[in-house]
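To start, the structure itself, in structure tokens.
The values are calculated or read from the model by the stated rules, or taken from the named source; none is laboratory data. Since we're looking at a predicted model, the values are computed, not measured. Note: ideal-geometry Cβ built from the backbone for every residue, glycine included; neighbour counts use all protein chains shown.
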Amino acid sequence: MSKELGYADAVKLLGGSSPLVTALDRALGGLLLAATGGGSELAISLFDAKGEAVRLGNQLITGLRDKIKGFSRYDRTRRLQAAHSIIVVTAFFEALDDIDLPFDQRKLRLTPEERARITGLGIGQLFDDWVPAPAPHLDHERFLSRLSFWYLRKAATLDDFVRNLRVFDDLDENQQLDASDALHTKLPSAAARRYEDLHRRLLVEVPEFGLWISEVRQREIGTALARIETVLAEVASDHTPGDVARTLVRAWRAALDRPILSEGDIPGDLTIPTLAQGYVDPDFRVRVVDAAGSPAEETWWDEAAPRSDLAAFLASHLTTPFATDSPLLVLGQPGAGKSVLTRILAARLDARDFLPVRVVLREVPAEADLQDQIESAVRAATGEVLSWPALVRAAGPALPVVLLDGFDELLQATGVSHSDYLDKVAAFQRREADLGRPVAVLVTSRTAVADRARPPSGALCLRLEPFREPHVRRWLHVWNSANAATLHARGLATLAADVVLRQPQLAGQPLLLMMLALYDADANALRAAGETLDEGALYERLLTTFAQREVLKTFAAATDERLASLVEAELLRLSVAAFGMFNRNRQWVTEAELDADLRALMPGRRADPVTGFRPELGAAAKLVGRFFFMQRGEATRDGTRLRTYEFLHATFGEFLIARLTVRLIAQLTAEEAEGAGSVFGSTGCRDHQLHALLSFAPLTDREPILAFVAGHTARHATPAMRRLPVTLFQRLDGRATDQDVRDYQPVTLPVPERHAVYDLNLLLLAVVLNGEVRASELFPDRADPVLGWRRHALLWQAMLSTVAWSSVIFTLQTRAVWLGERRDLVVLRDRDSLPPPVDPYWLHRIHPDHSTRAVTSWQHTHADRFARQSNLVRDRVNETLMHAVEPLMARFADATTTFVASDDGAYSIAAAISRFQLAVLLNDDPAEITRTGNDAVHAVLHCWAPQVDRIVREDGVRAVLGLCDLLDARGSSVARQRWRLELDIWLRRGVSHRSRVDGSTHSS
């Protein structure tokens, strides 16, 4: 069924019949003419059609409530849609009586001759194949705007029809203008007013239609979608739910009274709120899928305003045709509550009208088709084996609502492309509708993988938004109420919103908010942290606390030393998982991948439990999944359970990467100091573990990693630790590393690429630990350390992907400095400021005491070198710049490589001309025009090298003269007369010289 129902179909659906419908059936889109079975002619004129439409509209709306009684949920939805289509058309024809037309509408009857003359442009176009309908994603104002546009189109069609009848022929010019104004302006407005009247009447007749009217406004924040249950109960049918529907709803409702977290995550004396208590309805955005952008992109959602009426939206969606046309895709971050939403929705739906079937995709065979997955989920929930057709028949008039939870887990755990999954879901819906078994479908997925299976065009996409302050306060009220007695017994204060909101990134996700609450329940730790605690220190405390809680479940009698060792082991496993995700350029890691990583990085137990890798082979990956802030994704394929792990907040992983990196640097610093005292001289540390972890992806790929490293080292780093990355960089510059954990291969990369990535990461660590680092420190044995820097930078650019290289250039910057007569570079982190201007003196090794600085101008290379190098290397950035300067190089040749001395530095002749051009064209301040003009005239006349062909300099003179003409036209720049005289004299001399040499003449 299409989302928008045609008028004729709507009338028939409500049981209406008339000559108008018969004519529409026979000739929709042309003249309303048809031959009856007896051979007589049936003609419906516009005048007749108007009266018939108004009569039908009033007849079919009256008593509509009784007319839809006894129908199924789906059939009631269709009839409500039909009723709406009828009032839209009825309002248009009623409005014809509200406007003042300067002719008698009875003239709109057609004679046989007129019918023959205007065949192809008929009244049927006023009843074309669709009528706009309300939609759950449109508020009432936006729908009225859409409807007004539809009325405007119909008014234009009517105007064309009337003109073809030559009704205007009897009118004078003013009357014709009045008629056009009435049809084009007054008629759409009058129709919209009539629609509002009929719409209110329909609401009184059938209150259920009110669900379709979406009023987007800030509502009181709800809990556990309780409002949807109330709303749907008010409009539910009188049907008695079938046994299957009652059984399923009973199974889903049982979850409402269970804690939000599993029992293994609950500390002994704390009370975890139930699903019904603890789920706070989040804000959301909703958009129709179109060709512009992807739901995975943040900017795609900018056009959708945040809404707070989630329960009302879902009630509207499930009672409108959108629900059975295509799947509703629900997106959100890990921990945003997508799965919980499906659990609550399944429990809240009224069994008289809906048959909820929740399919947890991690628990059904991934290779099975959708129908088999649904049947598998029903068996798991009820213990009964039912085929899908039998299930639908047993549900009676209830509309099946299939909730497919965890599409992202299906993608991650199986590693199989399911790009057409949502298309298959939509095809399943179409098939079922064709067979008389319409079904609504909702699919949940993580936002980041939304581009892996694009929803069908026209489908609705909903994204759950992070908690705002009111949501946090509502959630904390539930938490504090449930645990007031326990907290009082512990001598603790309840958790205040102001304390939680110091960490907005964590407070915005429900599960992470729970994590903060559990953390604070231990000695009010979050409150005690104060406002000055930075993010890294907070994460250290959070993760250590939760790791300790997990360890104590098994080792309650452990000594403090043993406990610290075991906690560090837990954090190490989490860190390996974080690196596994980072080095694979993903936000998750599979269980098989993590087991392989742990085996490679933790081959044996070390004596020191704090600083080394330690194994817990076999069960290591499963242990990671014990932490509720690690989301475990699952899927079943060919009978095998596949698992993936992902942090509920990506920043946890980034912190753990930084944490392990800093700990390895500290360990290597100690080994370096121990090796320095060797009898046989310094042996140096073995950086094989650091190389293994940091040779697959640059740390700039995730900017928070560097921020965490900087924060940690600011508190704990020693001078020796700060020096170590520079030392390792210098050693790597002299060799290709053979120190590696060879079994650690998260991805397969060529040796040069791994070398480049590790080289870059050592530099990044050196910069972060020291604030800045000089090229002369990195390449102390090179006569020109800048050349060493350039070669390494070109290696990084060549080996990294475009995206990775972009992250590097928007993290690091260099500053040109001098080290005596030697060039040097200062390398630093700077993401905010623009790079400084190029210094030609530094670029060409002309140090402050160099004799060249005393000359007027100099040239170092030929312009064609730039073009040839760019042509051979084919670097996109270089070629883009070449494209921009090609006009200058074509006209002025070596003016781009001839430099002019200045008190403020040096500049090329081409740059001088360009600056003057821009200053004139952009109408800069007169002082700026004068300054750039002086530079341009001086550069062209006095500093162009004598060997440059005179005609090239003449082109430069003409270019500046042209700007003087432009200045004359604008009446600006006090210096232009002097420039013109000076340039004109030079050009005339040049012409005279060329005339004597080759007999040619040039005019100025």
Let me confirm something: among VAL162, VAL167, which residue is in contact with a Lys or Arg (Cβ under 7 Å, 6 or more places away or on another chain), modelled with pLDDT under 75 and among the aliphatic types (A, V, I, L, M)? VAL167
Consider only pairs whose beta carbons are under 8 Å apart and that are at least six residues apart or on different chains; among these, list those whose first residue lies in the range 63-79 and is farther than 15 Å from THR324 by Cα and whose second residue is modelled with pLDDT under 80 and in a loop (DSSP other than H, G, I, E, B). LYS67/GLY15
Considering each of SER316, SER237 in turn, give the residue that is modelled with pLDDT of 85 or more and not assigned by TED's automatic domain parsing to the domain that holds VAL401. SER237
For the range 532-548, how many residues meet the condition of being at pLDDT below 85 and touching a helix residue (DSSP H, G or I) at 6+ places or on another chain (Cβ under 9 Å)? 3
Across (1) within 45 Å of the chain's Cα centre (by Cα); (2) part of a strand (DSSP E or B), ARG865 clears everything bar (2)
If you go through the range 385-429, how many residues are of a type in the set (S, T, N, Q) and modelled with pLDDT of 90 or more? 2
Among LEU501, LEU492, LEU511, the single one that is in contact with a Leu (Cβ under 6 Å, 6 or more places away or on another chain) and farther than 16 Å from ARG541 by Cα is LEU511
Candidate set from the range 780-797 (those that are hydrophobic (A, V, I, L, M, F, W, C) and under 42 Å from the mean Cα position of the chain (by Cα)); member that is farthest from LEU812 (Cα to Cα): LEU787
Filter result for the condition that a residue is in the same structural domain as PHE729 (by TED's automatic domain parsing), touching a Lys or Arg at 6+ places or on another chain (Cβ under 9 Å) and crowded, with 22+ Cβ neighbours inside 10 Å, over VAL768, VAL773: VAL768
Within the range 372-391, considering residues that are surrounded by fewer than 15 Cβ atoms within 10 Å (Cβ to Cβ) and under 18 Å from ALA426 (Cα atoms), the one nearest to the chain's Cα centre (by Cα): ASP372
Can you find a residue in the range 414-426 that is touching a helix residue (DSSP H, G or I) at 6+ places or on another chain (Cβ under 6 Å) and outside any loop (DSSP other than H, G, I, E, B)? no
Restricting attention to the range 923-970, which residues are over 16 Å from TRP986 (Cβ atoms), at pLDDT below 80 and part of a helix (DSSP H, G or I)? ASP965, LEU966, LEU967, ASP968, ALA969, ARG970
I'd like the residue in the range 442-476 that is of a type in the set (S, T, N, Q) and outside any helix (DSSP H, G or I) and, out of all such residues, is farthest from HIS137 (Cα to Cα). SER445
Pairs where the first residue, in the range 462-474, is in contact (Cβ under 8 Å) with a residue 40 or more places away in the chain and the second is part of a helix (DSSP H, G or I) and surrounded by fewer than 19 Cβ atoms within 10 Å (Cβ to Cβ), C-beta under 6 Å, 6+ apart: VAL472/ALA497
Report yes if ARG626 is within 13 Å of LEU574 (Cα to Cα) and modelled with pLDDT under 75, otherwise no. yes
If LEU331 passes every condition in (1) closer than 16 Å to ILE213 by Cβ; (2) crowded, with 24+ Cβ neighbours inside 10 Å; (3) under 20 Å from the mean Cα position of the chain (by Cα) but one, which one does it miss? (1)
Residue among LEU399, LEU411 that is buried (at least 20 other Cβ atoms within 10 Å of the Cβ), within 29 Å of the chain's Cα centre (by Cα) and among the hydrophobic types (A, V, I, L, M, F, W, C): LEU411
Within the range 493-504, does at least one residue satisfy the condition of being under 36 Å from the mean Cα position of the chain (by Cα) and either at pLDDT below 85 or within 16 Å of ALA650 (Cα to Cα) (or both)? yes
Taking the range 580-595, which residues are within 19 Å of ALA448 (Cβ to Cβ), touching a strand residue (DSSP E or B) at 6+ places or on another chain (Cβ under 6 Å) and surrounded by fewer than 22 Cβ atoms within 10 Å (Cβ to Cβ)? GLN587, THR590
Return a yes/no flag: does the range 693-707 have any residue that is within 20 Å of ALA600 (Cβ to Cβ), in contact with a helix residue (DSSP H, G or I) (Cβ under 8 Å, 6 or more places away or on another chain) and surrounded by fewer than 21 Cβ atoms within 10 Å (Cβ to Cβ). no
For the range 746-783, which positions are free of Cβ contacts under 8 Å to residues at least 60 places away in the same chain and in a loop (DSSP other than H, G, I, E, B)? THR748, LEU749, PRO750, GLY771, PHE779, PRO780, ASP781, ARG782, ALA783
Residue list for the range 547-579, filter: charged (D, E, K, R), within 19 Å of ASP522 (Cα to Cα) and surrounded by fewer than 16 Cβ atoms within 10 Å (Cβ to Cβ): LYS553, ASP560
Candidate set: the range 525-539, residues that are of a type outside the set (A, V, I, L, M) and surrounded by 16 or more Cβ atoms within 10 Å (Cβ to Cβ); chosen: the one farthest from the chain's Cα centre (by Cα): ARG527
Flag for SER339 being polar (S, T, N, Q), touching a helix residue (DSSP H, G or I) at 6+ places or on another chain (Cβ under 9 Å) and surrounded by fewer than 23 Cβ atoms within 10 Å (Cβ to Cβ): no
If GLY396 passes every condition in (1) out of contact with any Ser or Thr (no Cβ under 8 Å at 6 or more places or on another chain); (2) more than 24 Å from SER339 (Cβ to Cβ) but one, which one does it miss? (1)
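A quick yes/no check of all residues on (1) farther than 22 Å from ALA775 by Cβ; (2) assigned to a helix (DSSP H, G or I); (3) not acidic (Asp, Glu):
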{"site": "TRP796", "(1), (2), (3)": "no, yes, yes"}
{"site": "VAL808", "(1), (2), (3)": "no, yes, yes"}
{"site": "TRP818", "(1), (2), (3)": "no, no, yes"}
{"site": "VAL827", "(1), (2), (3)": "no, no, yes"}
{"site": "TYR841", "(1), (2), (3)": "no, yes, yes"}
{"site": "PRO848", "(1), (2), (3)": "no, no, yes"}
{"site": "ALA884", "(1), (2), (3)": "yes, yes, yes"}
{"site": "PHE899", "(1), (2), (3)": "yes, no, yes"}
{"site": "ALA911", "(1), (2), (3)": "yes, yes, yes"}
Listed residues ALA426, ALA440, ALA394, ALA450; which is under 23 Å from ALA135 (Cβ atoms) and surrounded by fewer than 21 Cβ atoms within 10 Å (Cβ to Cβ)? ALA426
Considering the range 884-927, residues that are of a type in the set (D, E, K, R) and over 17 Å from ALA867 (Cα atoms), and then whichever is surrounded by the fewest Cβ atoms within 10 Å (Cβ to Cβ), we arrive at ASP903
